[in-house]
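Peer 1: This is the structure I have questions about; it appears just below.
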Amino acid sequence: MSAESKYETHEYDVLVIGAGGAGLRAAIEASAMGARTALVCKSLLGKAHTVMAEGGIAAAMANVDPQDGWETHFKDTMRGGVFVNNWRMAQLHAQQAPDRVRELERWGAVFDRTHDGKILQRAFGGHTYRRLVHVGDRTGLEMIRTLQEKGVHQGIDVFMECAVTRLLKDGDRIAGAFAYWRETGRYVIFKSKAVVLCTGGIGKAYKITSNSWEYTGDGQALAYHAGAELLDMEFLQFHPTGMVWPPGVSGLLVTESVRGDGGQLRNNKGERFMFKHIPDRYKPQISETEAEANQWIAEIRAGKQPTARKPAELLPRDIVARGIYMEVKEGRGSPHGGVFLDISHMPAEYVKKKLPSMYHQFKDLADVDITREPMEVGPTTHYIMGGIRVNPDTQESAVPGLFAAGEAAGGLHGANRLGGNSLSDLLVFGKLAGEHAAQHAKTAGPPKVDDAQADGAAREMNEFFTRADGENPYQIHAELQDMMQSLVGIFRVEDELRKSLEKLATLKNRAARVCIKEGNKMFNPGWHLCKDLQNMILIAEAVARAAQFRKESRGAHSRLDHPGFNPEFAKVNTVAFKGRDGAMQLEGRPLPEMPAELKQLIETEKNHKERHG
Amino acid sequence: MAEVRKFKVYRGDKNGGQLTEYNVQVEPGMVVLDGIHQIQRTQAADLACRWNCKAAKCGSCSAEVNGKPRLLCKTRLDDFDPAEIITVRPVKTFPLIRDLVCDVSWNFEVNKKIPPLTPKKTADWVMHQEDMDRVQEFRKCIECFLCQNVCHVLRNHDLKDRFYGPRFMVRIACLEMHPMDGLDRTKLLKDEAGLGFCNITKCCTEVCPEEIHITDNAIIPLKERVADRHYDPLRAFWRKIMGADHPCTCADGG
């Protein structure tokens with residue numbers, strides 16, 4: 001019996017996996033180009049991780065700071081990413097983000113406004129000008145709802161609560177995907193000429209994370225097994241401000257907007273410690289004294305063009321996260337092991353208007369009224385800069401017909417992502433991926449589904465039930481999270497990385513034999529975790545291997561045994577892929593050559609940085 | 001020794017089920033969803049429950065805790081008397097799939113019937129914050145469907161084929177009050193959407209975790225609009241002679 005008659009089968013031109021900002025935007029574009037498009041997601045539509053994005057969409061629209069333009073946004077992105085970004089992605093992103101925002105407004109997004117009725121923009125870490133288009137602190141919700149409304153009226157077929165476990169191939173090219181319905185556990189085949197992976201990140205491999213259960217590295221793992229390459233997986237962002245108390249919410253995101261709107265970081269001595277951590281390269285734009293920082297806050301509060309430089313709290317995330325970590329480690333932390341983030345000096349009404357969900361989050365979950373008292377915050381695993389390696393213009397991976405966009409793809413953010421560049425990334429590259437996937441589908445013939453691949457995928461999922469003896473997946477997951485948190489965290493060192501790889505090898509063997517003894521295939525989270533766990537362990541290995549390979553400290557990747565930049569590593573990206581023997585290979589790959597005019601744009605800056613660090 | 005709390009969680013599917021007891025180790029500041037996760041980790045790996053953000057931003061974890069519709073991620077154990085058992089049941093208005101997970105797909109079908117933002121020809125996209133404020137209130141909706149769950153038209157009378165429910169009144173109000181929108185959805189409201197079924201008991205407003213004033217700010221103004229357009233004879237005559245009528249004529253975009 002052929003796979004197509006054995007399993008529920010759907011046929012499409014373009015299959016988009018993941019329905020966050022990137023997936024929805026890709027599906028909208030593919031469908032607008034006339035491709036029959038399916039969108040598959042693990043949760044209900046509109047619940048993807050994009051709803052958690054708070055601060056805003058970075059786009060050089062120059063609505064409040066007229067000096068802004070794509071060149072400055074490009075430079076800021078490269079500087080924030082410490083110059084190992086894919087230059088072409090950084091260029092396209094900076095150039096196209098404003099159009100993507102305007103388009104979103106035409107589709108119904110309701111952004112906060114300036115006095116003259118334009119889209120308002122707010123300050124954020126690492127951005128020279130006020131650049132983030134926002135709606136209070138719930139910008140992600142606005143974006144996902146807008147895309148969702150646009151998408152459902154455009155004839156995209158949405159498959160909710162359906163999880164993909166394998167990509168299917170027809171020779172070298174992509175042929176579709178194998179999935180199961182979460183509700184019934186029934187298997188389903190999507191036969192498709194092109195597949196776009198928009199599955200987000202990997203945060204669930206860590207104990208303290210701002211990420212939801214969905215963030216298990218599915219897209220990266222699917223792509224890896226299908227023969228694609230994973231780029232720069234060592235660059236994992238720890239957001240400086242996650243909640244630290246109560247225990248149940250530890251890691252939950254506290255938006256950078258708190259600092260963008262005037263929030264101050266202090267240790268238990270009352271000191272604004274970030275002024276101690278200003279790298280030379282940021283001195284032209286960051287205040288060196290509290291007085292100047294306070295002047296900046298007074299100016300933005302009054303709605304004026306700031307003349308002072310920005311507060312040190314608005315340094316890029318990697319620098320602030322390390323600053324906080326050091327304060328806690330050296331004994332100057334808050335009672336629950338964080339530092340204080342305080343916005344209570346601003347008027348209560350301003351705080352409630354600009355940060356409504358933060359106000360409620362702290363009031364409801366931690367009994368803290370942020371208009372009157374400081375929050376306690378500490379670093380939390382938030383975002384992976386690395387991801388599936390793609391062609392910057394088309395978003396196609398090394399596998400013909402397989403595309404990726406958003407957090408699942410790598411390249412744009414280099415060694416550290418600036419706040420706000422994620423939502424714009426989703427829009428810009430979601431659109432490009434959808435467009436090129438549809439283009440690809442136009443010329444590609446119908447793929448053939450290989451029965452053996454489909455049966456193999458079904459067998460893998462069945463075995464979690466049929467195995468007689470095996471461990472509970474929750475136990476192994478908890479061990480993975482503890483291990484990654486302590487051995488492959490904010491600061492890394494050779495010894496610990498080596499240990500992490502040994503431990504991962506053991507966990508991998510144990511995870512290969514997990515089983516689920518309770519329930520059946522109907523909506524069974526334990527069964528679902530069995531598969532997600534394999535993905536997390538694989539991706540954790542890529543992170544640890546890449547971290548071991550890069551013997552320098554750059555952006556979010558800090559090696560205690562290799563502090564500072566190394567000129568050799570400045571020239572390479574890391575690439576992980578499946579070797580012929582099935583084991584993971586890792587190598588350095590030279591950065592793509594940047595054209596002269598862009599080089600010139602960032603050259604002065606880069607020289608300065610490589611000299612002064 | 002850590003405090004232990006008794007939970008009773010509904011286990012079952014469309015063929016029936018029962019409340020099952022579990023003991024949960026209490027941590028400070030714990031919410032009901034933490035308890036459910038602990039049960040999954042240590043006692044019932046297959047306990048079905050939806051969740052995503054754990055921060056009251058995605059609206060996935062709606063359920064009924066000790067009889068009250070709530071988001072599990074926002075319901076703290078210390079809100080209850082220490083001796084009280086925490087009883088968690090699925091929302092009642094939608095068909096059960098398994099344990100705490102219900103089939104809410106009807107809502108997604110309703111949403112498709114609402115014509116999206118249709119900009120006026122004259123739209124210049126200069127919009128002022130004062131006009132945005134009232135639209136933004138509606139945009140806060142996280143689609144937890146708790147309002148749908150408590151609406152007696154849907155919950156007690158099961159008139160899902162005749163009334164769209166409060167969530168979608170909010171959605172329509174949001175479009176109708178958008179400064180650049182040029183479509184009139186009053187006919188849809190009056191007929192297919194069944195606005196008249198709402199008799200403003202405000203149950204929806206009470207349960208909204210986003211504190212949207214569903215009845216006062218969305219439903220009542222919509223009722224006024226419908227009355228204005230469809231029951232005011234002077235206006236109807238005026239429209240007839242001026243030809244200024246753009247009724248919404250079809251379900252997928254007008």
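The values are calculated or read from the model by the stated rules, or taken from the named source; none is laboratory data. Computed from a predicted structure; not experimentally measured. Don't worry about glycine lacking a Cβ; one is built from the backbone with ideal geometry, like all the others, and counts go over all protein chains shown. For the accessible areas, the whole protein counts, side chains as well, though only heavy atoms, and no ligand, DNA or RNA atoms are used. Shrake-Rupley method; radii C 1.70, N 1.55, O 1.52, S 1.80 Å.
Peer 1: What's the FRET efficiency of A:Ala302 with B:Asp131 using the Cβ-Cβ distance as r and R₀ = 30 Å, to the nearest 0.05?
Peer 2: Working: r = 24 Å, r/R0 = 0.79.
After rounding to 0.05, the efficiency reads 0.80.
Peer 1: While we're on this one: Summed for both chains, how many Å² of accessible area, to the nearest 100, are buried between B and A with a 1.4 Å probe?
Peer 2: Working: alone 13630 and 21860 Å², together 30600 Å².
It comes to approximately 4900 Å² buried between B and A.
Peer 1: Let me ask something else about it. Where the only charges are on Cβ atoms (+1 Lys, Arg; -1 Asp, Glu), what is the dipole of the protein assembly as shown about its Cα centre, to the nearest 20 debye?
Peer 2: Working: 116 positive and 114 negative charges, 90 e Å.
Rounded to the nearest 20 debye, it is 440 debye.
Peer 1: In a Gaussian network model over chain B where Cα atoms closer than 10 Å are linked, find which of B:Ala56, B:Ala227, B:Ala83 has the largest mean-square fluctuation.
Peer 2: It is B:Ala83.
Peer 1: Okay, next question. From the residues B:Ala83, B:Ala44, B:Cys61, which one has its Cα farthest along the dipole of region B:4-102 in the positive direction, the dipole being from +1 and -1 charges on Cβ of Lys/Arg and Asp/Glu about the Cα centre?
Peer 2: B:Cys61
Peer 1: Something else about it: Round to the nearest 0.05 the FRET efficiency obtained for A:Asn462 and A:Glu568 when R0 = 35 Å and r is the Cβ-Cβ distance. Mind dumping the intermediate values first?
Peer 2: Working: r = 48 Å, r/R0 = 1.37.
For A:Asn462 and A:Glu568, the calculated efficiency is 0.15.
Peer 1: Please report how far the C-alpha centroid of region B:41-85 lies from that of region A:1-77, rounded to the nearest whole angstrom.
Peer 2: Using only Cα atoms to place each centre, the spacing works out to 30 Å.
Peer 1: Report, in debye and to the nearest 20, how large the dipole of region B:4-102 comes out about its Cα centre when Lys and Arg carry +1 and Asp and Glu carry -1 on their Cβ. Walk me through the numbers on the way to the answer.
Peer 2: Values: 16 positive and 11 negative charges, 67 e Å.
Charge dipole of region B:4-102: 320 debye, to the nearest 20.
Peer 1: Just to confirm, what accessible area per residue do you get for region A:517-573 at 1.4 Å probe, in whole Å²? Don't jump to the answer; show the numbers that get you there.
Peer 2: Details: 1830 Å² over 57 residues.
Roughly 32 Å² per residue, with all protein chains present.
Peer 1: Given only helices, namely DSSP H runs of n ≥ 4 each adding -39500 (n - 2.57), what is the per-residue ellipticity at 222 nm of chain B, to the nearest 500 deg cm²/dmol? List each step's numbers first, then the result.
Peer 2: Numbers: 10 runs with 82 residues, N = 254.
The helix-only estimate for chain B comes to -9000 deg cm²/dmol at 222 nm.
Peer 1: Starting from the Cα of A:Lys521, draw a straight line to each of the lysines and keep only those under 21 Å, dropping any in the same chain fewer than 8 residues away.
Peer 2: A:Lys6, A:Lys42, A:Lys531, B:Lys14
Peer 1: Using a 1.4 Å probe over the heavy atoms of the protein chains, calculate the carbon and sulfur portion of the accessible area of chain A as a whole percent. Intermediate values should be presented prior to the final figure.
Peer 2: On the way: 9640 of 19420 Å².
Here it works out to 50 percent.
Peer 1: In nm, to one decimal, how far is the modelled label at B:Ile220 from the one at A:Arg106, with both set 7 Å along Cα→Cβ?
Peer 2: Label at B:Ile220, label at A:Arg106, 3.8 nm between them.
Peer 1: Still on this structure: Would you check region A:73-218 for Lys pairs whose C-alpha atoms are within less than 26 Å, ignoring same-chain pairs closer than 8 in sequence, and give me the count? Please report the intermediate quantities before stating the final value.
Peer 2: Details: A:Lys75/A:Lys118; A:Lys118/A:Lys150; A:Lys150/A:Lys191; A:Lys150/A:Lys193; A:Lys169/A:Lys191; A:Lys169/A:Lys193.
Pairs that pass both the separation and distance tests number 6.
Peer 1: Provide the per residue accessible area, probe 1.4 Å, for region A:169-282, rounded to a whole number of square angstrom. Could you put the intermediate results ahead of the total?
Peer 2: Working: 2490 Å² over 114 residues.
That works out to 22 Å² for each residue.
Peer 1: In straight Cα distance, which lysines are under 16 Å from A:Lys353, not counting same-chain residues fewer than 8 positions off?
Peer 2: A:Lys353 reaches A:Lys363, B:Lys140.
Peer 1: Another question, then. Compare B:Val150, B:Val26, B:Val91 in a GNM of chain B, Cα atoms joined below 10 Å, and give the one with the largest fluctuation.
Peer 2: Most flexible of the set in this elastic network: B:Val26.
Peer 1: Evaluate the charge dipole of chain B about its Cα centre and quote only its size in Debye, nearest 20, assuming +1 on the Cβ of each Lys and Arg and -1 on the Cβ of each Asp and Glu. Mind showing how you got there, number by number?
Peer 2: Numbers: 38 positive and 36 negative charges, 111 e Å.
Around 540 debye, computed over chain B.
Peer 1: Where in region B:156-182 does the label zone of B:Lys121 land, with the point 7 angstrom along Cα→C-beta and an amide N cut-off under 15 Å?
Peer 2: Residues B:182 qualify, since their backbone N sits under 15 Å from the label point.
Peer 1: In region A:493-613, with Lys and Arg counted as +1 and Asp and Glu as -1 at Cβ, which of these residues, A:Pro563, A:Ala512, A:Val575, has the Cα nearest the positive end of the dipole, that is, farthest along it?
Peer 2: After comparing all options, I get A:Ala512.
Peer 1: Compare the Cα positions of B:Val26, A:Phe362, B:Gln148 along the charge dipole of the protein assembly as shown (+1 at Cβ of Lys, Arg; -1 at Cβ of Asp, Glu; about the Cα centre) and return the one farthest towards the positive end.
Peer 2: The one lying farthest along the dipole's positive direction is B:Gln148.
Peer 1: Treating the angle as unsigned and between 0 and 90°, give the value, to the nearest 10°, between the Cα long axis of helix B:166-176 and the longest Cα principal axis of chain B.
Peer 2: The angle comes out near 40 degrees.
Peer 1: Taking accessible area as the heavy-atom solvent-accessible surface of the protein chains with a 1.4 Å probe, which residues of region A:350-379 lose no less than 50 Å² upon going from the isolated chain to the full protein assembly?
Peer 2: Buried on complex formation: A:Asp364, A:Leu365.
Peer 1: Okay, next question. Ignore the peptide's own chain and count Cβ atoms of other chains within 10 Å of each Cβ in A:516-523; give me the average, rounded. Provide the component values of the computation, followed by the final result.
Peer 2: Numbers: counts 2, 2, 6, 8, 3, 1, 7, 11.
The shielding value for this peptide is 5.
Peer 1: Here's something else I'd like to know. Per residue, what accessible area does region B:15-78 have, given a 1.4 Å probe and all protein chains present, in Å²? Numbers along the way, then the final one.
Peer 2: Working: 2070 Å² over 64 residues.
Counting only protein heavy atoms, the per-residue value for region B:15-78 is 32 Å².
Peer 1: Okay, next question. If every alpha-carbon in region B:105-242 counts as one equal scatterer, what log10 I(q)/I(0) does Debye give at q = 0.18, 0.19 1/Å?
Peer 2: Log10 I(q)/I(0), no solvent term: -1.05, -1.15.
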